[in-house]
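Written out below as C-alpha cells is the structure these notes cover.
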Amino acid sequence: MNRLIAALLIGASMPTIATVAHAQDGAAPQDAASSTGGNDAGLAEIVVTANRTESSAQKTAVALTVYTGADLAQKGISNVQSLATVDPSVNLSTSSGSAYVAVRGIASTDVTEIGDPSVPIARDGFYTNRSFSIGTSMYDIARIEVLKGPQGTLNGRNSTGGLISLITNRPSDTAGAYGSFEVGNYRALNVEAGGNVPLTDTLAVRFSGIHRQHDGYRHLTGINLDGDDENTSSGRVQLQWKPTDNVKLWASYQHDDIRNVGDVAMVAALGTRPDFGDARSFPNQALTSNRVKGDRIRWEGTVANFAGDLTLTYAGGWDKQTWAHKLDATGPAYPAIRNFIQNEAPTTWNHEVRLSNGSNNPLFFQVGLFHFQETNTINSGIYNLAMTGPYAPGGPLSFLDFSNTYGIHFDYNVKTKSDAVFGQIAYKLGDQWKLTVGGRYTRDEKVRTGGATLNYPALAFPEWGFVFPFTTGFTDGAGRMTKSQPTWHVGLDYTPASNSLVYAKYDRGYKSGGFNSNGSAASIPYGPETLDAFEVGTKNRFMGNRLQLNASAFYFNYRGYQASQTADSLNGAAGTFNVGTAKIYGAEAQAVALFGQGGRIDLNAAWLHTRFGDNITVNDGGGTPQSIGGHQLPNAPKLSVSGGIEYAIPAFGGTLTPRADAKYSSSFYYSVFNTYDTQSRPYVTGNLSLQYAPEGARWTLQAFVRNVGDKVVLAYAAQNFNSRLNTYQFQPPRTYGVRFGFKI
C-alpha cells in the first residue's frame with residue numbers, strides 16, 4: 001500500500017488520454033485518428049526525432065511505427081512486452097527474466113553479462129544493456145518510436161535490428177494534473193498519476209508515477225505459488241529551466257522497484273513438446289523470485305542559435321540497477337531441488353555531445369561524440385536446496401549430502417566501454433531530392449575479472465564426494481575484447497508531392513563481439529556481427545489526409561551470426577561463437593484510414609524471409625553436430641499482421657467508442673535448430689474495448705478485454721541440456737477490466 005500511495009503522490013500532468021504538445025518539449029502532436037471524435041481535420045502529423053532532429057513521421061526516411069500516449073492507453077500497452085502483442089515487426093522473448101527484442105529477425109539471444117542487445121531500448125536517449133528493468137518506464141509517455149533496420153550512425157551502438165525509443169512528456173509552462181485507475185481480473189490494480197507545476201516563467205517541475213500489480217497467471221503446483229505476476233512501482237521527477245529562448249536545461253530522476261515471483265516456466269523432458277492445455281497450472285519444485293531496484297538520473301542542456309543557427313546539445317545520464325533473481329533449475333540430470341540464482345548490479349553512464357545547424361538549411365549537418373560505460377558485478381550460480389532420491393535425508397546415500405551448496409558459483413567484475421564519433425549530412429538537391437550521407441566510428445572494449453568456483457559433487461557427480469578427495473576447481477574468467485569498427489549510411493529521398501515521400505538507403509550495421517562465459521574453461525573470444533542493409537520505401541497521404549499508405553522493402557546480408565554451441569575449447573560446454581552468414585529480405589506495409597465522422601481502420605503487415613547460409617554446422621547443447629544451413633532465424637515469423645477498427649458514436653451526452661484489434665503471427669522458432677519442440681505455432685489474438693468520453697468533461701471510462709479468445713501463446717521456448725529439460729513460457733491469458741482516466 002505504501003508503494004500505491006507513493007505512486008499516487010508522484011504524478012505527471014499530461015494524461016495518457018490527452019492530446020500532447022510540441023516534440024521539442026518531449027511530446028508530439030497526437031495523431032487525430034487515435035482520438036475519439038470527429039475526423040474533419042484528417043490525420044494529424046506526428047513529430048518524431050528518429051533522425052535526432054524534429055521532423056514529421058511522414059517526411060522521415062526511416063521505416064518506423066509511432067505510438068502516442070493515447071494509443072498506448074487505448075490498446076493497454078504498459079510495457080515493452082505488451083508492445084510486441086500489437087506490433088507485427090516486434091517479437092519479444094521473456095527468456096526467464098532476461099528479455100530480448102527481435103525486429104525483422106534480428107535479435108541477440110546472448111543475455112549474459114557479456115552480451116549486448118541487437119535492438120536497444122532507449123529511454124529519453126539513454127541506453128542500457130540489461131533488460132530486467134525495461135518494464136518500469138512506460139508511463140507519462142509522449143510517444144514510442146519503433147525504428148526498423150540498422151540505426152547505428154545516429155542512434156548508438158549495436159542497433160543492427162532497430163531501436164525502440166521511449167520518449168516521455170517533459171515539464172511545460174501549463175499547470176495541470178492527471179490520473180488513471182484500472183482494476184481487472186487476477187486482482188489487477190494499475191494506478192498512474194501526476195502533475196505539472198510551472199514554478200516561474202522559466203522553471204517548471206513535473207512529477208509522475210505508477211503502481212502496477214496483478215496476481216500470477218500460472219499456478220505452480222508442488223510449491224503452491226503463483227507466477228507470471230506483477231508488482232511494480234516507479235516514480236519520476238523532472239525539472240526544466242529555460243532562462244532564455246535559446247537555452248534549455250532539463251534533468252530527470254527516476255526510482256524503480258519490482259518485487260514479484262516473476263517469469264515462470266513449464267518444463268518437459270528434453271526433446272519433447274507437452275500438451276500445454278490452458279497453461280494455467282504446472283509443477284515447479286524450487287521457489288522463484290524476482291527483485292529489481294533502480295535509480296536513474298538523466299540530464300540535457302541545449303544552446304540554440306549561436307554563431308548563426310548552430311545548436312549544441314550535451315546529454316548525459318547515470319543508471320544504477322540491482323537484480324536478484326531465482327529460477328527453478330531442478331531437472332533429472334542431478335538428484336536435487338535447485339535454483340539458478342542470478343545477482344547483478346550494473347552501473348551505466350551515457351554521455352553525448354552533438355552539434356548541428358538548422359534543419360531547413362540546404363546543407364544540414366550533425367556531428368557528435370558518444371561515450372557509454374557499464375560496470376557490473378556478477379554473483380550467480382546453480383544452488384542445491386535439497387537432495388532427492390537416494391541422496392535425500394534417510395536415504396542410503398544421504399551421507400553424500402550437497403544441499404545448501406553451490407554446484408557452480410560465478411563471481412565476476414565486468415567493465416564495458418564504447419566510444420564513438422559520428423556525423424551525418426543531408427544535402428537538398430533542388431526542391432524534390434535530398435542526399436544523406438553519414439558515418440560512425442566505434443571503439444568497444446569489454447574486460448572481465450574474477451572466476452567460477454566448481455564443486456563437482458554438488459554440480460554433476462555426487463558420488464565423486466565419496467570416491468575422490470579433491471572435488472573442487474576454479475576457472476579463471478578473465479577476458480578482454482577490444483574492437484574498432486566503422487559504420488555508415490547513404491540515403492536518397494524523393495518528394496514527388498507535398499504528401500508523398502520515396503526513399504532508398506543503405507546502412508552498415510555492427511554489433512560488438514565478446515568472449516564466452518560458461519565457467520568451465522578459459523574465456524574464448526568471438527567476433528562482431530555485421531549487417532549490410534538495403535531498403536526502399538514510400539510514405540503517402542491521400543483523400544484529403546484521410547488515408548495513409550506506407551510501405552518498405554528490404555534486404556539484409558548478415559555476417560558473423562553469434563549463436564550458442566558446444567565446443568571442445570570449452571570442455572564440451574556451450575558458449576557463443578560466430579557460426580556463419582544469413583540472408584534476410586522482406587516487406588512491410590501500413591495503412592490508416594478514416595471513415596465517416598468518427599471511424600478509423602489501421603492495418604500493419606510484415607512479411608519476412610530469413611535463411612541461414614549453406615553448410616553451417618553447430619553443436620547443440622548436448623555436443624551433437626547439427627546442420628542449420630537453410631534454417632529460419634529465430635524469432636522471425638514469415639507473416640505477421642495486426643489491425644484494428646474503431647468508431648466514435650455520439651451517445652449519452654458524449655462519445656462512445658467501441659474498438660476491436662487483433663494480431664496474427666505465422667509459426668516461427670526460438671532456436672537456430674528449428675526443432676518442433678521450440679516452435680511457436682501460428683496464432684491469432686484479439687482485443688475489445690469500449691470507451692465513453694462525456695462532452696465537455698475531462699474524464700473517460702473504458703472497459704476492455706484482452707486476448708479475448710484466451711489463446712495459449714508462447715513467449716519463449718528453450719532446450720536446456722544441462723538440466724535435460726525443455727522450458728516454456730507464455731504470453732498473458734485473457735484479461736479484462738475497467739479503466740477510469742481524468743485530467744485537470
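Every number here is computed from the coordinates shown, using simple stated rules; none is lab data. All figures in this text were calculated on a predicted structure; none of them were measured in a lab. Cβ sites come from the backbone with ideal geometry, for glycine too, and all protein chains shown count toward neighbours.
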Solution diffusion estimate, µm²/s, Stokes-Einstein, the chain, Kirkwood Rh from C-alpha pairs, 10 °C, viscosity 1.306 mPa s
59
If R₀ is 35 angstrom, what is the calculated FRET efficiency for the pair Ala591 and Ala251, using the beta carbon separation as r and rounding to 0.05?
0.30
Under a crude label model (7 Å from the Cα following the beta-carbon direction), how far is Asn499 from Phe466 in nanometres?
8.3
For Phe365 and Leu688, calculate 0.36 nm times their separation in residues minus their Cα-Cα distance, and state this gained length in nm to one decimal.
111.7 nm
Local electrostatic count, Thr244, Cβ distance below 15 Å [Lys/Arg +1, Asp/Glu -1]:
-1
When the Kirkwood radius is taken over all Cα pairs of the stretch 608-712, what Stokes-Einstein diffusion coefficient follows at 20 °C and 1.002 mPa s, in µm²/s?
124
Among Ala522, Gly465, Gln548 the positive-end extreme of the charge dipole of the stretch 459-549 (Cβ point charges)
Gln548
Could you tell me the relative contact order of the stretch 203-290? Use alpha-carbon pairs under 8 Å, at least six residues apart, and round to a whole percent.
32
Expressed as a rounded percentage, what relative contact order does the stretch 463-514 have, with Cα pairs under 8 Å and six or more residues apart?
31
Summing +1 for each Lys or Arg and -1 for each Asp or Glu, what net charge is found among the other residues whose Cβ lies under 12 Å from the Cβ of Leu154?
+2
Given the C-alpha atoms of the stretch 261-311, compute the convex hull and give its volume per residue in Å³.
221
Which is farthest toward the positive dipole end of the stretch 2-743 among Ala478, Val197, Thr272, measuring Cα position about the Cα centre, with Cβ charges +1 (Lys, Arg) and -1 (Asp, Glu)?
Val197
Considering only DSSP states other than H, G, I, E and B, which trypsin sites (Lys or Arg not before Pro) in the stretch 143-225 qualify as loop sites with at most 13 other Cβ atoms within 10 Å?
Arg187
Find how many whole Å separate the alpha carbon centroid of the stretch 489-508 from the alpha carbon centroid of the stretch 44-64.
13
Taking the chain and dividing mean pair separation by its residue count, relative contact order in percent (alpha carbons under 8 Å, at least six apart):
11
Pairs Lys148/Lys505; Lys148/Lys242; Lys417/Lys511; Lys59/Lys148: which exceed 24 Å Cα-Cα?
Lys148/Lys242
Roughly how many debye, to the nearest 20, is the charge dipole of the chain about its Cα centre, given +1 on each Lys and Arg Cβ, -1 on each Asp and Glu Cβ, and no other charges?
500
Set the Förster radius R0 to 45 Å, insert the Cβ-Cβ distance between Arg681 and His351 as r into 1/(1 + (r/R0)^6), and round the FRET efficiency to 0.05.
0.50
Toward the positive end of the charge dipole of the stretch 2-743, about the Cα centre and with charges on Cβ (Lys, Arg +1; Asp, Glu -1), which of Thr311, Asn726, Gly179 goes farthest?
Thr311
For the pair Glu54 and Thr449, how long in nm is the line joining their label points, each one 7 Å along Cα→Cβ?
4.8
Within the chain, longest stretch free of exposed chymotrypsin sites (Phe, Trp or Tyr not before Pro) [DSSP loop, at most 13 other beta carbons within 10 Å]:
1-398
In whole Å, what is the distance between the alpha-carbon centres of the stretch 665-724 and the stretch 408-424?
33
Describe numerically, in nm with one decimal, the distance between label points set 7 Å from Cα along Cα→Cβ at Gln432 and at Thr174.
3.9
Efficiency by 1/(1 + (r/R0)^6): what FRET value for Val490 and Phe399, r their Cβ-Cβ distance, R0 = 60 Å, to the nearest 0.05?
0.30
